Amino acid sequence: MAQVPTNTPTACLALADGTIFYGRGFGATGATTAELCFNTAMTGYQEIMTDPSYAGQVVTFTFPHIGNTGVNDEDDETGDPVAAGMVVKWDPTEPSSWRSTGRLSEWLASRNRIAIGGVDTRRLTRAIRAQGAPHVALAHDPEGNFDIEALVAQARAFSGLEGLDLAKDVTCTQSYRWDEMRWAWPDGYPRQENPRFKVVAVDFGAKRNILRCLASVGCDVTVLPASATAEEVLAHNPDGVFLSNGPGDPAATGAYAVPMIQKVLEKKDLPVFGICLGHQMLALALGGSTIKMNHGHHGANHPVKDHETGKVEITSMNHGFAVDSQSLPEGVVETHTSLFDGSNCGIRIADRPVYSVQHHPEASPGPQDSFYLFERFAAYMDAQKAA
């Protein structure tokens, strides 16, 4: 079964079940294998492609206008794109934005990332929803020469994300300090010059804007690699510990991260805050478990209910694994759930300043519905200082 090209294709997407989508390639040439997901966000394609949580994935964008605002140096969430490739409906147009400093296609090519345009992304998204996130091979050849059998075989040979510790591939290699705050008109990113709290952020694939949000609520942030031990974390005498987002199977990363978190949690009054993979790591450390989702949550329009306030916030999400709420032990409270499917989106320890959420409060989809989570972290640290 194949989508019939309307002209000579220069790229193709081969699914492990043998389905082939043809289109027009842009960005880098060559081939790559990955898991395929879809993202429903209407903006933020540059941030999505550079989000370390997308390691090992090709992203299908359901919104057709991708590339129309170009790219710039300020919107990268990490140094280079981490997502393996991108699939779009329409070819990128000339950028139209006062912030643009380059074209998406050239940006992808310079960073060795493959993209395909001209694909029926509605059909592809329906397939992902019905069958689960497939394994794929994405190829771009300006001459249009494709070995379809070999590409399908490559897709079938892809190991998948279950059991993969990808945090080790995207984490920092050594510790560093962070003081850049959230973007503000007209000066861009200001510096935190009067921090009130010392925070250690454990980097499982941290997005820059998360670190900016921490700095913006008064944190002097020291970022440590994912492999950091509890002794290394606590040696900084932090006022709080942050567990970052990241890619891959939380159970695999948990092999070394969970013992660290459990030892950190022995300090009963130390505030701990986790996001995304950090949320899943915290749940595992508390005795819960995680499960692989059918097609995950990827988008900027996900309604999440805060059960403690009754409020609904519109959130940004990017995860293919979820905390199994039925596995949470006594004393761990489920604080947030998805209104799409009821899956867990937040937990806290009863009577302790320890909490986490599955969604990304720094990503501004609401646009500021979830910033209170950073303010809560600061309030917890303030309370401990005053105690």
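Does LEU164 satisfy the condition of being open to solvent by less than 50 Å² (accessible area, probe 1.4 Å), under 17 Å from TYR54 (Cβ atoms) and of a type in the set (A, V, I, L, M, F, W, C)?
no
With the checklist (1) farther than 18 Å from ASN301 by Cα; (2) open to solvent by 10 Å² or more (accessible area, probe 1.4 Å) in hand, flag the one item TYR355 doesn't pass.
(2)
Residue by residue through the stretch 235-245, note down the ones that are in contact with a strand residue (DSSP E or B) (Cβ under 8 Å, 6 or more places away or on another chain) and open to solvent by 10 Å² or more (accessible area, probe 1.4 Å).
If the condition is that a residue be in contact with a strand residue (DSSP E or B) (Cβ under 8 Å, 6 or more places away or on another chain) and open to solvent by 10 Å² or more (accessible area, probe 1.4 Å), then HIS236, ASN237, PRO238, ASP239 are the ones that fit.
Could you tell me whether the stretch 182-198 includes any residue that is open to solvent by less than 20 Å² (accessible area, probe 1.4 Å) and either in contact with a strand residue (DSSP E or B) (Cβ under 6 Å, 6 or more places away or on another chain) or of a type in the set (Lys, Arg) (or both)?
Checked the stretch 182-198: at least one residue is open to solvent by less than 20 Å² (accessible area, probe 1.4 Å) and either in contact with a strand residue (DSSP E or B) (Cβ under 6 Å, 6 or more places away or on another chain) or of a type in the set (Lys, Arg) (or both).
If I go through the stretch 51-94 residue by residue, how many of them are in a loop (DSSP other than H, G, I, E, B), more than 22 Å from TRP183 (Cβ to Cβ) and small (Gly, Ala, Ser)?
Count: 2.
Please go through the stretch 275-295 and give me each residue that is surrounded by 23 or more Cβ atoms within 10 Å (Cβ to Cβ) and part of a strand (DSSP E or B), ordered by number.
ILE275, the sole residue that qualifies.
Suppose the filter is crowded, with 16+ Cβ neighbours inside 10 Å and among the aromatic types (Phe, Trp, Tyr); does TRP98 pass it?
So TRP98 fails the test.
Out of everything in the stretch 17-42 that is assigned to a strand (DSSP E or B) and charged (D, E, K, R), what residue ends up being surrounded by the fewest Cβ atoms within 10 Å (Cβ to Cβ)?
So, considering only residues that are assigned to a strand (DSSP E or B) and charged (D, E, K, R), the one surrounded by the fewest Cβ atoms within 10 Å (Cβ to Cβ) is ARG24.
Can you tell me how many residues in the stretch 261-274 are open to solvent by 10 Å² or more (accessible area, probe 1.4 Å) and either at pLDDT below 95 or in a helix (DSSP H, G or I) (or both)?
Count: 3.
Give the residues of the stretch 337-363 that are touching a strand residue (DSSP E or B) at 6+ places or on another chain (Cβ under 8 Å), more than 19 Å from LYS292 (Cα to Cα) and free of Cβ contacts under 8 Å to residues at least 60 places away in the same chain, sorted by residue number.
Once the filter is applied, which keeps residues that are touching a strand residue (DSSP E or B) at 6+ places or on another chain (Cβ under 8 Å), more than 19 Å from LYS292 (Cα to Cα) and free of Cβ contacts under 8 Å to residues at least 60 places away in the same chain, the stretch 337-363 yields ARG348, ALA350.
Do you know which residues across the stretch 352-387 are over 18 Å from HIS279 (Cβ atoms), hydrophobic (A, V, I, L, M, F, W, C) and assigned to a loop (DSSP other than H, G, I, E, B)?
Once the filter is applied, which keeps residues that are over 18 Å from HIS279 (Cβ atoms), hydrophobic (A, V, I, L, M, F, W, C) and assigned to a loop (DSSP other than H, G, I, E, B), the stretch 352-387 yields only ALA387.
Kindly indicate whether GLU330 is modelled with pLDDT of 95 or more, in a strand (DSSP E or B), open to solvent by 20 Å² or more (accessible area, probe 1.4 Å) and charged (D, E, K, R).
It is false that GLU330 is modelled with pLDDT of 95 or more, in a strand (DSSP E or B), open to solvent by 20 Å² or more (accessible area, probe 1.4 Å) and charged (D, E, K, R).
Residue pairs, Cβ under 9 Å, 6 or more apart or interchain, first in the stretch 102-121 and open to solvent by 20 Å² or more (accessible area, probe 1.4 Å), second modelled with pLDDT of 95 or more and among the acidic types (Asp, Glu). List them.
Filtered contacts from the stretch 102-121: no entries.
I'm told PRO186 meets every condition in (1) of a type outside the set (A, V, I, L, M, F, W, C); (2) under 23 Å from THR78 (Cα atoms); (3) modelled with pLDDT of 95 or more except one. Can you identify the failing condition by its number?
It is condition (3) that PRO186 fails.
Looking at the stretch 247-255, can you tell me whether even one residue there is among the acidic types (Asp, Glu), open to solvent by 10 Å² or more (accessible area, probe 1.4 Å) and under 30 Å from ALA387 (Cα atoms)?
no
Considering each residue of the stretch 69-87, count those that are under 24 Å from PRO134 (Cβ atoms) and more than 17 Å from the chain's Cα centre (by Cα), and give that number.
1
How many of the residues making up the stretch 332-351 are in contact with a helix residue (DSSP H, G or I) (Cβ under 7 Å, 6 or more places away or on another chain) and among the charged types (D, E, K, R)?
The number of residues fulfilling the criteria is 1.
Restricting to the stretch 43-68, and then to whatever is farther than 25 Å from GLN131 by Cβ and not polar (S, T, N, Q), can you tell me which residue is most open to solvent (accessible area, probe 1.4 Å)?
The selected residue is HIS65.
Need pairs with beta-carbon distance below 6 Å; first residue open to solvent by 10 Å² or more (accessible area, probe 1.4 Å) and within the stretch 124-142, second among the aromatic types (Phe, Trp, Tyr); sequence gap 6+ or separate chains.
Close Cβ pairs (under 6 Å, with a partner that is among the aromatic types (Phe, Trp, Tyr)) amount to THR125/PHE38; HIS135/PHE158.
The values are calculated or read from the model by the stated rules, or taken from the named source; none is laboratory data. Not measured: the values here are computed from a predicted model. Virtual Cβ from ideal backbone geometry, glycine too; neighbours counted across all protein chains shown. SASA here: full protein model, heavy atoms, side chains in, ligands and nucleic acids out. Shrake-Rupley method; radii C 1.70, N 1.55, O 1.52, S 1.80 Å.
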